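Student: One structure, as structure tokens, below. Some questions next.
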Amino acid sequence: MTPPGFAPVDAPVDGPVDAPVGAPGRVTQGLGPGEGAAAGIRPGGHRRAARRRHAYRALVGVAGLGVLLVGWQVTALVLHDAALLPTVPATVADFVTYLHEQYPAGSQTLVGHAAISLRRVVFGFALGTAGGLVLGAAMAALRVVRYAVDPVLTVLRPVPPLAFIPLFIVWLGVDESAKIGLITLGTLPMVATATLGALGAVPRSLEQASLSLGASPLRTLALVRLRAALPALITGMRLALGGAWSSIIAAELVGATEGIGFVTLQAGNYLQTTLVLSGIVIIAVLGLTTDGLLRLVLRFADPSVR
């Protein structure tokens, strides 16, 4: 029954509609295919714009790499010293050669060295990330843990892994555990700090809503705060992954006979600059690939990131 003075809900509206079709603020949900076009909504328009944006980004990136290669080649020709800076064709030739030839003799090809370095980085990064997530979550949940651990992380974060090589040799020897341990040490403080910052940025209202619905503090931390902080956590992991790849040279100083870091150092000792540059390129490509995987995870965790 309709109260006096009020029109029924389904009564027709007399007079023209003030807002034009497709104007901002007009609700267009539920329009049919033809009505959507009339409302100014172009099907697939956002996708086409995103594809154009990605194509433009890729084109600019390729152009930047081209400028870098041209500058490298011109500088090498001006210097005319292969030990100081070889030309691009000479570097590419040696790179292709050692993709199927061992360096040094009796060791691995560049592909084998790259696989070994990738394995070390993945293990070290995984251990450092797991430890950093647990430590950062504990610091966010318990104030006493934060007060106790934060000064230690503040001291460790600016110290390069290279400084810990003598200690790791004494503690762990020169086998794989020392190399993975160095990468873990470089990763853990960065992930712990990122986790603490990400959890601290989660709105307090989400936590209070979860607690008011009967969830325990631990369940709230695991299912609400960590989930809301996931995009920022992945961004911190990306930064830590860059640090892990930066640490691979230091890690492979510890009695290594295999790995891209070892190849780079060995080639540098014998002024084989083409192999030094090849090692740098391989580390850059592997770092870009692993970072791309984390960016893909970030897109699934936060669809607004493109």
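Coordinate-derived values only; no laboratory data. Small disclaimer: the values here were computed from a predicted structure and weren't measured. Backbone-built Cβ (ideal geometry, glycine too); neighbour counts: all protein chains shown.
Student: Just the number, please: Stokes-Einstein D of the stretch 180-269 in µm²/s, Kirkwood Rh from C-alpha pairs, 20 °C, 1.002 mPa s.
Tutor: This corresponds to a translational diffusion coefficient of 140 µm²/s.
Student: A further question follows. Can you tally the net charge around V121? Count Lys and Arg as +1, Asp and Glu as -1, for every other residue whose Cβ sits under 11 Å from the Cβ of V121.
Tutor: Net local charge, V121 excluded: +2.
Student: Above 18 Å lies some portion of the pair distances; for the stretch 128-197, what is it as a whole percent of all C-alpha pairs?
Tutor: In whole percent, the long-distance tail amounts to 40.
Student: Let me ask you something else. Give me D for the stretch 112-160 in µm² s⁻¹, whole number, from Stokes-Einstein with Rh from the Kirkwood sum over alpha-carbon pairs, 10 °C and 1.306 mPa s.
Tutor: 127
Student: Also, quick follow-up: Take V111 and W72, extend 7 Å from each Cα along the Cα→Cβ direction, and tell me the distance between the two endpoints in nm.
Tutor: Label-label distance for V111 and W72, simple model: 2.2 nm.
Student: What's the local net charge at I248, with K and R +1, D and E -1, over the other residues with C-beta under 10 Å away?
Tutor: +1
Student: Tell me, what HN-Hα J-couplings in whole Hz come from the Karplus equation 6.51 cos²θ - 1.76 cosθ + 1.60 at θ = phi - 60° for each residue of the stretch 60-68, using x for Gly and Pro?
Tutor: For the stretch 60-68, the Karplus-derived couplings read 5, x, 5, 4, x, 5, x, 4, 4 Hz, x marking Gly and Pro.
Student: In nm², what is the average projected area of the convex hull enclosing the Cα atoms of the stretch 64-213?
Tutor: 15.0
Student: Between the stretch 124-194 and the stretch 279-293, what is the C-alpha centre distance in whole Å?
Tutor: After rounding, the separation between the Cα centres reads 23 Å.
Student: In the P(r) worked out for the stretch 38-145, what percent of Cα pairs fall beyond 22 Å?
Tutor: Pairs farther apart than 22 Å: 70 percent.
Student: Next question. Under the classification rounded if a/c is under 1.5, otherwise prolate if a/b is larger than b/c and oblate if not, where does the stretch 180-220 fall, given a ≥ b ≥ c as square roots of the Cα gyration tensor eigenvalues?
Tutor: Verdict is oblate for the stretch 180-220.
Student: Whole number please: convex hull volume per residue, Cα atoms of the stretch 243-306, in Å³.
Tutor: Residue-normalised Cα hull volume stands at 83 Å³.
Student: Another question about this same structure. Quick one: length gained pulling V155 to L271 fully straight, 0.36 nm per residue minus the C-alpha distance?
Tutor: Using 0.36 nm per residue and subtracting the Cα-Cα distance, I get 38.1 nm.
Student: Could you list the chymotrypsin sites (Phe, Trp or Tyr not before Pro) in the stretch 210-306 that lie in coil according to DSSP, counting only those with at most 11 other Cβ atoms within 10 Å of their Cβ?
Tutor: Hits after loop and neighbour filter: Y270.
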